[in-house]
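What follows is a short report on a single structure.
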Amino acid sequence: MEKKLKEIVGQVLGVPPETLSGNSSPDNVDGWDSIKSMNIILALEEEFGVEFNDEEISTMLNFGLIHLTLEEALKRAG
């Protein structure tokens, strides 16, 4: 799943997926703004068939936290 996640986030941000790490965030990835954050969330919801609530979205501050939140959403979705 992490490979697919990196592909999606990389595609939205316009960066090579292999450059993303757990610490990748709007602070250190050029062009990662609030609009791209929402596009990442929408792309993940569509790709993985999950829905994030407002609380989850507010915690998705870097790649590592996005990965963790996605894992929790997938467990919840069953």
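The values are calculated or read from the model by the stated rules, or taken from the named source; none is laboratory data. Here the structure is a predicted model, which is why all the values come from computation and not from measurement. Remember, those area values only see protein heavy atoms, side chains included, never the ligands or the DNA or RNA. Shrake-Rupley method; radii C 1.70, N 1.55, O 1.52, S 1.80 Å.
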- Protein accessible area in the chain, 1.4 Å probe - carbon and sulfur %: 49
- Item | the chain: radius of gyration over Cα atoms, expressed as a fraction of 2.2 N^0.38 Å | 0.99
- Note on the structure: Taking a probe of 1.4 Å and leaving out DNA, RNA and ligands, the chain shows per residue an accessible area in Å² of 61
- Task: Provide the per-residue ³J(HN,Hα) series for region 27-41, in order, calculated from phi with Karplus coefficients 6.51, -1.76, 1.60 and θ = phi - 60°, each as a whole number of Hz, with x at glycine and proline positions.
- Result: 6, 10, 10, 4, x, 7, 10, 5, 5, 5, 4, 5, 5, 4, 4
- Query: Of Ile41, Ile35, Ile57, which has the most accessible area with a 1.4 Å probe, and how do the rest follow in descending order?
  - Reply: Ile35, Ile57, Ile41
